[in-house]
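A.B. asks: Structure in structure tokens, see below.
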């Protein structure tokens, strides 16, 4: 008798501005349950999915036998009791980044139009950069058929950014001076992420594929470009608790129309989170010591992570540390159109910068890591600034 | 016998590719910036120093002092007439070497007058007169940018200029009063000039360049009201002064700004 179930009712209580059709997708699976255990399992999964939307403060599931008029024998009533987040939330943070500190004020509408759209406004005031940002984020139900069991995530985003560039030094190079002033970027971007790693900071297995494109200029604004970048990372556990990790980053920005790309939209290479052994963003085209960035780049890294030698404090604090041996390589260049893609690929393959070394890592929670490395930079081109020897790095995304 | 020869310090010679930067000529530049730029161009031509004029929408932000025009010579960047005169002097070019101390003090005083009166009047008319601001200044200033940045930048500039006008006591003035001030300034200049070809007799100085820059631009620029130009045209010796400098130093300039068209 328990194996034969009928659904009587499925309620969702507590909806205010959230549209029902958004939720029916997330909880559709519950209807496919065949037994009570299945119902409980699928309800739990549905609850997780609803929480992941980021629009509910609390989601509770209540499963009860059907009662009242029209109740079927072996009928079940499943009720999702949700508490929506406040319509408008504010936040205040301080941030410390690469040699810069800033204060960030944010305003967020977590469920702007009822389908989990996020509208955020952010104002950041820092020692080096002051910025205002408005972003609109609409999630798509990740119905990516070819990989039903893999965690995929697609986002579509519109961004409006008012940038003011000014010279911080008293005598910057003229190439930098030419970029001063105001620009408005209005862009649409799409990102697809497939992440099968067990952790984002020091994964032991799995891979990451992230493909991102951004089209600016077709929804207004002063800058027009098409930007593509992708990131791939593969991890494999080896003997003795060590992990072999390989990563590849690449990107391209194509200006549309006759205006050249702005320095704010180009790619930069070098630094403790990128090609180690080189100073921050200090690789590639430059003018009088000021780096101008490039329109195309690639960077790759190969790491062997091992636990600390002799495994001190094993099982406790010592597990947060790792040693690693790394090999980084990459290149950055500008695109001189009319020469064709073959010539650009050739340019990216010439004069490759690379470095190798070893170091110690510390994991901070599941978000960031600190590194202290001894680096030996190679393939240094004239104009690059290197940081050979000991280099310290802190960040959330490392090559 | 000993011969003592004075060799000037080895300053870099004036390069061929010296460039002067100003906002876009057709759509963006305003009266006050155009006048300042023309004054510098006239000065450099009087010194015989070649310079190429390049128009960029972000010229104001590129300038180290935020003011137009600025010149890029070798790897140095200098903005505004005063510093540019000092800069050329350091390179061995000067127009006021022949003046004695009294004359030099007088020249400085008249240059101050032009800056405090004419330039301020230009800024006032551009940004504090609602009609001019709405019809000419804001649309032109914001033309290189897209919405909504264009409106934000134009209003920001307007507020900044109005604040400055209030700070120097011009906030309460009416347009009529400003025209009167301009007339008085021109009166003083006209009297000093008299029947001489230039302010200091035979040779032009930076004062001549500055006065020419402002007067010529005012006469040849169409504003919402032609009153300002009319006031200046009332001084015939100033008009012939402008024509003389135009013919002597700007023969290669395009025909449609020739002074004869407006007189």
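The values are calculated or read from the model by the stated rules, or taken from the named source; none is laboratory data. Fair warning: this is a prediction, and the values are worked out from it, not measured in the lab. Counting neighbours? That spans all protein chains shown, and the Cβs are built from the backbone with ideal geometry, glycine included.
A.B. asks: One residue is enough: does the range A:223-232 have a residue meeting the conditions in contact with a helix residue (DSSP H, G or I) (Cβ under 8 Å, 6 or more places away or on another chain), surrounded by 16 or more Cβ atoms within 10 Å (Cβ to Cβ) and in a loop (DSSP other than H, G, I, E, B)?
C.D. replies: no
A.B. asks: Inside the range A:166-191, can you point out the residues that are in a strand (DSSP E or B) and surrounded by fewer than 18 Cβ atoms within 10 Å (Cβ to Cβ)?
C.D. replies: Those that are in a strand (DSSP E or B) and surrounded by fewer than 18 Cβ atoms within 10 Å (Cβ to Cβ): A:188, A:189, A:190, A:191.
A.B. asks: Out of B:237, B:166, I need the residue that is assigned to a helix (DSSP H, G or I), surrounded by fewer than 18 Cβ atoms within 10 Å (Cβ to Cβ) and in contact with a helix residue (DSSP H, G or I) (Cβ under 7 Å, 6 or more places away or on another chain). Which one?
C.D. replies: B:237
A.B. asks: For residue A:170, which of the numbered conditions (1) in contact (Cβ under 8 Å) with a residue 12 or more places away in the chain; (2) within 10 Å of another protein chain (Cβ to nearest Cβ); (3) out of contact with any helix residue (DSSP H, G or I) (no Cβ under 9 Å at 6 or more places or on another chain) fails to hold?
C.D. replies: Among (1) in contact (Cβ under 8 Å) with a residue 12 or more places away in the chain; (2) within 10 Å of another protein chain (Cβ to nearest Cβ); (3) out of contact with any helix residue (DSSP H, G or I) (no Cβ under 9 Å at 6 or more places or on another chain), residue A:170 violates only (1).
This table checks each residue for (1) surrounded by 12 or more Cβ atoms within 10 Å (Cβ to Cβ); (2) under 30 Å from residue A:182 (Cβ atoms); (3) within 14 Å of chain A (Cβ to nearest Cβ).
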site	(1), (2), (3)
B:13	no, no, no
B:17	no, yes, yes
B:25	no, yes, no
B:36	yes, yes, no
B:42	yes, no, no
B:53	yes, yes, no
B:61	yes, yes, yes
B:67	yes, yes, yes
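A.B. asks: Looking at the range B:185-201 only, could you name the residues that are free of Cβ contacts under 8 Å to residues at least 24 places away in the same chain and assigned to a helix (DSSP H, G or I)?
C.D. replies: Residue satisfying the conditions is B:191 alone.
A.B. asks: Still on this structure: Could you say which residue among A:62, A:76 is over 27 Å from the mean Cα position of the chain (by Cα) and free of Cβ contacts under 8 Å to residues at least 40 places away in the same chain?
C.D. replies: Exactly one of A:62, A:76 is over 27 Å from the mean Cα position of the chain (by Cα) and free of Cβ contacts under 8 Å to residues at least 40 places away in the same chain, namely A:62.
A.B. asks: Do any residues in the range A:152-166 that are within 14 Å of chain B (Cβ to nearest Cβ) and under 14 Å from residue A:212 (Cβ atoms) have Cβ atoms under 6 Å from those of residues that are at pLDDT below 85 and part of a strand (DSSP E or B), where the two are at least six apart or on different chains, and which pairs are they?
C.D. replies: From residues that are within 14 Å of chain B (Cβ to nearest Cβ) and under 14 Å from residue A:212 (Cβ atoms), there are no pairs.
A.B. asks: Against the condition modelled with pLDDT of 80 or more and in a helix (DSSP H, G or I), how does residue A:47 come out, does it pass?
C.D. replies: Criteria met by residue A:47.
A.B. asks: Give the residue that is farthest from the chain's Cα centre (by Cα), with candidates limited to residues of the range B:121-148 that are within 14 Å of chain A (Cβ to nearest Cβ) and part of a helix (DSSP H, G or I).
C.D. replies: B:142
A.B. asks: When the residues of the range B:79-94 are narrowed to those that are touching a strand residue (DSSP E or B) at 6+ places or on another chain (Cβ under 9 Å) and either within 12 Å of chain A (Cβ to nearest Cβ) or over 27 Å from residue B:30 (Cβ atoms) (or both), which ends up surrounded by the most Cβ atoms within 10 Å (Cβ to Cβ)?
C.D. replies: The qualifying residue surrounded by the most Cβ atoms within 10 Å (Cβ to Cβ) is B:79.
A.B. asks: Which is at pLDDT below 95 and over 21 Å from residue A:159 (Cα atoms), of A:277, A:257?
C.D. replies: A:277
A.B. asks: Of all the residues that make up the range B:196-234, how many are on the phi > 0 side of the Ramachandran plot and surrounded by 18 or more Cβ atoms within 10 Å (Cβ to Cβ)?
C.D. replies: Qualifying residue count for the region: 0.
A.B. asks: For the range A:193-209, state whether one or more residues are buried (at least 18 other Cβ atoms within 10 Å of the Cβ), within 14 Å of chain B (Cβ to nearest Cβ), out of contact with any helix residue (DSSP H, G or I) (no Cβ under 9 Å at 6 or more places or on another chain) and assigned to a strand (DSSP E or B).
C.D. replies: no
A.B. asks: Might you check whether a residue that is within 14 Å of chain A (Cβ to nearest Cβ) and within 19 Å of the chain's Cα centre (by Cα) occurs anywhere in the range B:149-169?
C.D. replies: The answer is no; no qualifying residue exists.
A.B. asks: Sticking with this one: Can we say residue A:102 is surrounded by 16 or more Cβ atoms within 10 Å (Cβ to Cβ), outside any strand (DSSP E or B) and in contact (Cβ under 8 Å) with a residue 24 or more places away in the chain?
C.D. replies: It is false that residue A:102 is surrounded by 16 or more Cβ atoms within 10 Å (Cβ to Cβ), outside any strand (DSSP E or B) and in contact (Cβ under 8 Å) with a residue 24 or more places away in the chain.
A.B. asks: I've got another one for you. If you check residue B:97 against the conditions, is it touching a helix residue (DSSP H, G or I) at 6+ places or on another chain (Cβ under 7 Å) and away from every other protein chain (no Cβ under 14 Å)?
C.D. replies: It is false that residue B:97 is touching a helix residue (DSSP H, G or I) at 6+ places or on another chain (Cβ under 7 Å) and away from every other protein chain (no Cβ under 14 Å).
A.B. asks: Tell me, please, whether a residue that is over 28 Å from residue A:384 (Cβ atoms) and out of contact with any helix residue (DSSP H, G or I) (no Cβ under 9 Å at 6 or more places or on another chain) can be found in the range A:264-273.
C.D. replies: The answer is no; no qualifying residue exists.
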